[in-house]
Protein chains: 2
Amino acid sequence: MTSPIRIAIAGHGNLGRGVEAAVARSPDMQLVGIYTRRPPAQLQPLTAGVPVHGMDALAGHTGQIDVLILCGGSKQDLPEQGPQLAALFNTVDSFDTHARIPEYFAAVDAPARANHKTALISAGWDPGMFSINRVIGEALLPEGATYTFWGKGLSQGHSDAIRRVPGVAGGVQYTVPVPAAVEQVRSGTRPQLTTRQKHTRECFVVLADGADADTVRRAIVTMPHYFDEYDTTVTFISADELRRDHGAMPHGGFVIRSGSTSAGTTQVIEYGLKLDSNPEFTSAVLVAYARAVHRLHGQGQYGAKTVFDVAPGLLSPHSAEQLRAEQL
Amino acid sequence: MTSPIRIAIAGHGNLGRGVEAAVARSPDMQLVGIYTRRPPAQLQPLTAGVPVHGMDALAGHTGQIDVLILCGGSKQDLPEQGPQLAALFNTVDSFDTHARIPEYFAAVDAPARANHKTALISAGWDPGMFSINRVIGEALLPEGATYTFWGKGLSQGHSDAIRRVPGVAGGVQYTVPVPAAVEQVRSGTRPQLTTRQKHTRECFVVLADGADADTVRRAIVTMPHYFDEYDTTVTFISADELRRDHGAMPHGGFVIRSGSTSAGTTQVIEYGLKLDSNPEFTSAVLVAYARAVHRLHGQGQYGAKTVFDVAPGLLSPHSAEQLRAEQL
């Protein structure tokens, strides 16, 4: 038995708590610390006995952590923390601002290389597992089309957008794939689908005192970028119903690659997720990639990496021999 | 533009023809030769101008081929050809006798290492894409269960078994997943399923002149290993119907990983294939892995490899930069 991989967590929101849960299910790992910007005494770790420190203690703990999992957000936290911490630790993060990934990759790659660290960015399910399936699907079926559907699931960004509308006291938004579109794609016909044809948006909204329902509904469904290109329904509910029925964070979706290997021969590949908890699944992915990062670092593979650079076997706690004998 | 990867094919059955079709859809590759045990003049390549040689010409062509794709069968051809040819070429094969994979891996690994070649064994969809999804599913959700369903699809081995029954003039067998079992697994309940509960077997049989239908039916459904543990239906059809309705080789199936990331939080991952042509899809996988083998060899990674050792990005014709910018 080799010694366990020493994992630490930077940031203890939904994602950080999910990482705690996932590390607890990984016998080859040990959680050695949680680092937070809050006063450490206020934080309640799920794991008995794990020390909690302020974020500023990290620089003094470089010898005690094999992989640091960055659980901050992509907007504010990671653009700053990612490059800084990749100079000191092997890291994994879930940076998910798709358009800014090349820039973020470069910002993390330089300090990681310079300091012989391995930094895996943008792990999770999209970006992450969905990205892998887009790339493999296209590699296997070069003549074809790729479709990504999200949901049914709670979208954090769209829920935030609803809550900024005047007259809204609370609310959530679910992204829902259009069943007819999914079935059409699954059938192998390769339809051209507009944004409106692929997903609908369902909003559950608590009105502020005295707000006018029709005005709020109109403000939501016409909101540029977020809702105007979709068929959006708005259902008004009470604050109690919001708490009772909409507190979970389910999500999921499908990546479907539909292609031809010869004239008239259709092949359809589908990868799907049905998640009770979006953050817990993202955390589970981060933890599996932490195992891979530890191994890549051991092989001297320094710098920024993405899920495209990681062989599947590196994610598993089992040896290559065992995987060949039992899982191939 | 770098020069194309020079691909050659050893064996020109269904799989070899599928490789031809897949290479034709890969602009970064060039088919430089087909090697066959038949008299070369009898073989009709799909690709205009590609030279056809006898298998014995291979040893003289080591400088002209970047990756040789072995399209022989796992019973007779590969156990002999795999180790021999891995001493001379980078190879890819679809060795699929699950129980003998460790032994075959060792037999290919030694000559490949000794001669600085890279040999990827057991590519395809099972073993292959399904194996990858079993390993990743378990790595992401260590607390859970994995289910593999095959079909609906034509099983070559079971069709062969039917045709050996006295009184059978022809026939095919389809493996069919039990819809209720699939739905139960998809729901996240993690049932324990017996062999009989997971799949049914549907046989379409042409009776020989004078054969007794009931006797033939009984001989099929009670056949040990092949049918006795399944609910098997036998439908008698004419030779014309067999030709007309059962000439294609569709297949597919699902790998489902169902697990918990915390108490009561269920996460379900499903990978599914719906294939019009089983051999053409297997060939498409072989060709994508030939690209990866060419790159691994360029990196000095010699010896036998499996799909567990290959990072997703290596399968794609696109650069790592492009994949990060467009597919992550």
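Taken together, the residues in the stretch B:144-172 that are under 30 Å from B:G188 (Cα atoms) and not β-branched (V, I, T) amount to 10. Right, A:A288: within 9 Å of chain B (Cβ to nearest Cβ), aliphatic (A, V, I, L, M) and surrounded by fewer than 22 Cβ atoms within 10 Å (Cβ to Cβ) or not? For A:A288, the condition - within 9 Å of chain B (Cβ to nearest Cβ), aliphatic (A, V, I, L, M) and surrounded by fewer than 22 Cβ atoms within 10 Å (Cβ to Cβ) - is not met.
Here is a yes/no grid of residues against (1) more than 30 Å from B:P191 (Cα to Cα); (2) surrounded by fewer than 16 Cβ atoms within 10 Å (Cβ to Cβ):
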residue	(1), (2)
B:V50	yes, no
B:L68	yes, no
B:L78	yes, no
B:T97	no, yes
B:M129	no, no
B:G137	no, no
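Taken over the stretch B:19-57, the criterion of being over 18 Å from B:H294 (Cβ atoms), among the aliphatic types (A, V, I, L, M) and touching a residue at least 12 places away in the same chain (Cβ under 8 Å) is satisfied by B:A21, B:I34, B:L43, B:L46, B:V50, B:V52, B:M55, B:A57. Filtered by the rule that a residue be touching a Pro at 6+ places or on another chain (Cβ under 6 Å) and more than 14 Å from every other protein chain (Cβ to nearest Cβ), the stretch A:6-52 gives A:Q30, A:G33, A:I34, A:V52.
Please go through the stretch B:301-325 and give me each residue that is free of Cβ contacts under 8 Å to residues at least 24 places away in the same chain and more than 9 Å from chain A (Cβ to nearest Cβ), ordered by number. B:S319, B:Q322 - these are the residues of the stretch B:301-325 that are free of Cβ contacts under 8 Å to residues at least 24 places away in the same chain and more than 9 Å from chain A (Cβ to nearest Cβ). Residue by residue through the stretch A:73-87, note down the ones that are touching a Pro at 6+ places or on another chain (Cβ under 9 Å) and not in a helix (DSSP H, G or I). Scanning the stretch A:73-87 gives a single hit, A:A87. Across the stretch A:143-186, the number of residues qualifying as over 18 Å from the mean Cα position of the chain (by Cα), touching a residue at least 24 places away in the same chain (Cβ under 8 Å) and closer than 14 Å to A:Y226 by Cβ comes to 6. Only one of the numbered conditions (1) touching a strand residue (DSSP E or B) at 6+ places or on another chain (Cβ under 8 Å); (2) within 7 Å of chain A (Cβ to nearest Cβ); (3) within 21 Å of B:V23 (Cβ to Cβ) is not met by B:Y271, and that is (3).
For the stretch B:96-188, give me every one of the strands (runs of 3 or more DSSP E) that falls completely inside it and has 2 or more residues that are assigned by the TED database to the domain that holds B:Q76. Once the strands (runs of 3 or more DSSP E) in the stretch B:96-188 are filtered for at least 2 residues that are assigned by the TED database to the domain that holds B:Q76, what remains is B:118-120. Just for the stretch B:234-253: of the residues that are out of contact with any Leu (no Cβ under 8 Å at 6 or more places or on another chain) and of a type in the set (A, V, I, L, M, F, W, C), which one is surrounded by the most Cβ atoms within 10 Å (Cβ to Cβ)? Within the stretch B:234-253, the match that is surrounded by the most Cβ atoms within 10 Å (Cβ to Cβ) is B:V234. Looking for something assigned to a helix (DSSP H, G or I), under 20 Å from the mean Cα position of the chain (by Cα) and either assigned by the TED database to the domain that holds A:S187 or aromatic (F, W, Y) (or both) - is there at least one such residue anywhere in the stretch A:302-325? Checking the stretch A:302-325: at least one residue is assigned to a helix (DSSP H, G or I), under 20 Å from the mean Cα position of the chain (by Cα) and either assigned by the TED database to the domain that holds A:S187 or aromatic (F, W, Y) (or both).
Quick one: in the stretch B:254-268, which of the residues that are more than 7 Å from chain A (Cβ to nearest Cβ), in a strand (DSSP E or B) and hydrophobic (A, V, I, L, M, F, W, C) is farthest from the chain's Cα centre (by Cα)?
Step one: list which residues in the stretch B:254-268 are more than 7 Å from chain A (Cβ to nearest Cβ), which gives B:254-260, B:263-264.
With in a strand (DSSP E or B) added as a condition, the list becomes B:254-260.
Those left that are additionally hydrophobic (A, V, I, L, M, F, W, C): B:254-256.
Working: B:F254: 14, B:V255: 15, B:I256: 19 Å.
So the residue we want is B:I256.
Looking at the structure I just gave you, is B:E103 without any contact (Cβ under 8 Å) to a residue 60 or more places away in the chain, within 14 Å of chain A (Cβ to nearest Cβ) and surrounded by fewer than 19 Cβ atoms within 10 Å (Cβ to Cβ)? Taking the combined requirement at face value, the residue satisfies it. In the stretch A:212-223, the condition of being of a type outside the set (D, E), out of contact with any strand residue (DSSP E or B) (no Cβ under 8 Å at 6 or more places or on another chain), part of a helix (DSSP H, G or I) and buried (at least 16 other Cβ atoms within 10 Å of the Cβ) is met by at least one residue.
The values are calculated or read from the model by the stated rules, or taken from the named source; none is laboratory data. All values reported here derive from a predicted model rather than from experimental measurement. Heads up, the Cβs are rebuilt from the backbone with ideal geometry, glycines too, and the neighbour counts pull from every protein chain shown.
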